[in-house]
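So the structure is just underneath, and the comments pick up after that.
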Amino acid sequence: MKTVYAILDFPATKWLFLIFVLVMPLASLLTWAERRQSAMMQDRLGPNRANIGPIKLKGILHFVADALKMIFKEDFIPANVHKWLFTLAPLLAIAPVLIAFCIIPFGPTIYPHQYTQVLDVYGLATDPTNVSFADSIRMQMFSVDFGLIFYFAVLTLANYGGTLAGWASYNKWALLGGLRSSSQMMSYEVAMGLALMGAFLVTGSLEPGHIAGHGASSSMSPSNPLNWLWLWQPVGLLLFFTAAIAETKRAPFDIPEGEPEIIGYFVEYSGMRWGIFFLAEFIEIVFISAVVATVFFGGYQVPFLDPDGFRIGGYIDPNGVSTSGHFLLLPHWLVTALQFAAFGIKVILLCAFQLLVRWTLPRFRADQLMNLGWKLLLPLALANIMVTALIMLLFMGGN
Amino acid sequence: MSAAHDHAHDEPTTGPKVLAVADRHPRVRTIQVERPEPEDASFVAATTKGLGITLKHFARNLFLPLKKLTERAKPGAPDEDKWRAEIETVQYPEEKVKYPERFRGLHRLTLRDDGAVRCVACMCCPTVCPAHCITIVPAETDDKGIEKRPAVFEIDELRCVVCGLCVEACPCDAIRMDTGEHAKPVEDRANAIETKESMMARGVRSIATQGGEGPNWRDGKK
């Protein structure tokens, strides 16, 4: 049994679990959901025909059909492309996003020896080395102090995918798309980092697991929705979400793609190579949703669900344990299951919101994006930091 | 040069306000107009409103029952239509839009009371056909009242422009385009040729009096 726990606690296991249980299915389904959702918004039905015999599932199987089509399509490499970079570019687009997922806490810490009983939160707070808390499995692959900095650093690399694809394609339109991709990155990246700075100030941590697990204030339970950062950093949330949509290179910021004019940096790609760019875009949607859910919406926290059960009207005792109030104790396995589900639901809702934005707003021109990024988002982000810092200093005693 | 050019110099009465006009060439001039910033430069209000509209449509179409094709919204539809999805998609081929009565579809050849083809091979339709898609080979008949019939009557549906002139030209209601059917997709061009038999298979008896009204048509009876 100890070996099993050790394997489960192995970082690669968690990463594979996250990627293959949440990210990949969600990203694949998003390709279908996007088409259905946009159709519904435009008073159409959308793709609902793909089927295996009588099994139709409202057309969900379209993503299987799409994948099969892309896999069996001719893998065409035009003459004069830089073959090495041309091959590398799709991988460069998708790998950083998959790597960045390792900072996401997608569930609570599991204590296998207490799985069937109510979690002993007092024991955990006062005596965490007790044998009954051994073999704990933390549902986050990479729990480090610089978590969100790591995400910024890694996800910026994904831009090289687009830029190199444009450069290697030996095509003027692709090159334009690649250059636009780089210039767009310049416009939003600074504002995106600074937009999260307020959240760092409030929580005092760059570690997404810590932000999700503790919330904004130590005087409230982290499961209280009022303790989640959307309330404490509304401007930061708005700015970060805007910049993050720019990061996914989707409408209204799909300037590098620009279907009606330049088609985009992947104009020369076909088959699964193009499919990888496509998939990378959808994985980025999932990732942005996961980050926003973790930082601003309490991550895996279910509203009013403390580690030992539902509780309303309690308080935090000196040990940092949420206690008293009206409560309903639940076994540890049920709490963790609910928290996994909560994270999934939050991510799905935020994905749906991104699709809503994508199918509502028209595309910005390149200069409008620069104006938005440099003249609106950046000053607002700086002001947000100033105001947050002042409030922290004056009212929270510099916490 | 003159009229057109002078006309171009008329100041526009509507449209954006002209700030400056530069004539660098007799035929080219640059007009600088006022481009006011959007009222809501932060986009927030407009974005929220737009998201509301799309969300409303999405929710309505997701949760409310679909209208049946036959009940699709007509202008002045009853109030309960507010609680129906607005989806306009027609689920072809399970659902089909009803064509208007005058829709010109595949040809058919009408029949006599005894089931023989009504056409008398007068050659009016191939003569009037602008696409030359009708081929008729006439043959004699034993019936002295009819004299001719088509031995071959073929229409190349690939050449047909569906103008309906053949129907107009026919003196004895022998050819019609009121089937409401499309030309069918084929894999071989030869299969796109409608033969006398295939068009007669779609045929019906014509209600026009057999052989015309006869010599006593002035009497008002058969």
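Counting only other residues whose beta carbon sits under 10 Å from that of A:Ser221, what net charge do I get with K and R as +1, D and E as -1? Intermediate results must be reported in sequence, preceding the final value.
Values: positive: A:Arg311; negative: A:Asp306.
Neighbour charge sum, excluding A:Ser221 itself: 0.
What does the charge count around A:Phe17 come to, taking other residues whose C-beta lies under 14 Å from its C-beta (Lys +1, Arg +1, Asp -1, Glu -1)? Kindly include the intermediate steps, with their values, before the conclusion.
Working: positive: A:Lys14, A:Arg138; negative: A:Asp9.
Surrounding charge for A:Phe17 is +1.
Which chymotrypsin sites (Phe, Trp or Tyr not before Pro) does segment A:165-235 hold that lie in a coil by DSSP with at most 15 other beta carbons within 10 Å? Don't skip to the answer; put the middle values down first.
Working: sites: A:Trp167, A:Tyr170, A:Trp173, A:Tyr188, A:Phe200, A:Trp228, A:Trp230, A:Trp232; in loops: A:Tyr170, A:Trp228.
Sparse-neighbourhood loop chymotrypsin sites (Phe, Trp or Tyr not before Pro): A:Tyr170.
Within the listed set A:Ala381, A:Ala134, A:Ala244, the residue fluctuating most in the Gaussian network model of chain A (springs between alpha-carbon atoms under 10 angstrom) is A:Ala134.
If you fit an axis through the alpha-carbon atoms of helix A:332-358 and take the longest principal axis of the Cα set of chain A, what angle between them do you get, 0 to 90°, nearest 10? Taking Cα atoms only, the helix is inclined about 30 degrees. Spherically averaged projected area of the convex hull of Cα atoms, the protein assembly as shown: 47.9 nm².
Placing one equal scatterer on every Cα of segment A:90-247 and applying the Debye formula, the log10 ratio I(q)/I(0) at q = 0.09, 0.10, 0.17, 0.20 Å⁻¹ is -0.42, -0.50, -1.05, -1.27. Between 0 and 90 degrees, rounded to the nearest ten: what's the tilt of helix A:62-72 against the longest Cα principal axis of chain A? Roughly 50 degrees between the two axes. Legend: residue pairs A:Lys14/A:Lys346; B:Lys148/B:Lys196; B:Lys98/B:Lys184; A:Lys375/B:Lys17; A:Lys83/A:Lys172, Cα-Cα distance threshold 21 Å; pairs beyond threshold, A:Lys375/B:Lys17.
Extension gain A:Lys58-A:Val21, at 0.36 nm per residue separation less the Cα-Cα distance, in nm? The partial results should precede the final answer.
Details: separation 37, 0.36 × 37 = 13.32 nm, distance 2.16 nm.
Roughly 11.2 nm would be gained on extension.
Along each principal axis, taking the top coordinate minus the bottom one, the Cα set of segment A:50-162 gives 67, 46, 19 Å in descending order. Put a plus charge on the Cβ of each Lys and Arg, a minus charge on the Cβ of each Asp and Glu, and nothing anywhere else: the dipole of segment B:108-201 about its Cα centre is then about 160 debye.
Across the residues of A:353-361, average count of Cβ atoms on other protein chains within 10 Å?
Values: counts 2, 0, 2, 5, 4, 0, 4, 10, 6.
Taking all residues of A:353-361 together, the mean is 4.
Around A:Ser270, under 9 Å between beta carbons, what's the net of Lys plus Arg minus Asp minus Glu among the other residues? Display every interim value, and only then the final one.
Working: positive: A:Lys73, A:Arg273; negative: A:Glu74, A:Asp75, A:Glu268.
Around A:Ser270, the charge tally is -1.
The Cα atoms of segment A:79-395 cover 68, 43, 31 Å along the three principal axes, with the biggest extent listed first.
Cα centroid separation, segment A:218-239 to segment A:333-399: 11 Å.
Count, for each residue of B:52-60, the Cβ atoms from other chains sitting within 10 Å of its Cβ, then give me the mean as a whole number. Working shown, then result.
Working: counts 1, 2, 11, 5, 1, 4, 13, 2, 3.
Mean shielding by partner chains, rounded to a whole number: 5.
Springs between alpha-carbon atoms under 10 Å, Gaussian network over chain A: tell me which of A:Val97, A:Val267, A:Val286 tops the mean-square fluctuations. Ranking A:Val97, A:Val267, A:Val286 by mean-square fluctuation puts A:Val267 first.
Using only the Cα atoms, what convex hull volume per residue in Å³ does segment B:108-201 have?
Working: hull volume 9.0 nm³, N = 94.
Dividing the Cα hull volume of segment B:108-201 by its residues yields 96 Å³.
In the protein assembly as shown, a dipole from Cβ-located charges (positive for Lys and Arg, negative for Asp and Glu) runs towards its positive end, and of A:Ser38, B:Val186, A:Pro90 it is B:Val186 whose Cα lies farthest in that direction.
Dimensions of segment A:160-213 along the principal axes, based on C-alpha atoms and rounded to the nearest Å, stand at 48, 19, 9, largest first.
P(r) for segment A:315-399, from all Cα pairs and a bin width of 5 Å, is 3, 10, 7, 9, 12, 13, 16, 13, 8, 5, 3, 0 %, short bins first.
The trypsin sites (Lys or Arg not before Pro) of segment A:302-399 that meet both conditions, a loop assignment by DSSP and at most 14 other Cβ atoms within 10 Å of the site Cβ, are A:Arg365. A simple spin-label model places pseudo-atoms 7 Å from Cα toward Cβ; at A:Met386 and B:Glu147 they are separated by 10.3 nm.
Across peptide A:365-372, the average count of Cβ atoms from other chains found within 10 Å of a residue's Cβ is 1. Comparing A:Ala125, A:Ala243, A:Ala352 in a Gaussian network model of chain A, where Cα atoms under 10 Å apart are tied by springs, the biggest mean-square fluctuation is seen for A:Ala125. The peptide list A:252-261, B:54-63, put in order of mean Cβ contacts within 10 Å with the highest first, becomes A:252-261, B:54-63. In chain A, the DSSP-assigned H stretches of four residues or longer account for a calculated mean residue ellipticity at 222 nm of -18000 deg cm²/dmol, using -39500 (n - 2.57) per stretch and the full residue count as denominator. Reported to the nearest whole Å, the Cα centre-to-centre distance from segment A:274-307 to segment B:103-170 is 69. The magnitude of the dipole of chain A, with charges of +1 and -1 set on the Cβ of Lys/Arg and Asp/Glu and taken from the Cα centre, is near 1020 debye.
We did not get these values from a lab; they are worked out from the coordinates using the rules stated. Model, not experiment: these values are computed from the prediction. Cβ: placed from backbone, ideal geometry, glycine included. Neighbour counts: every protein chain shown.
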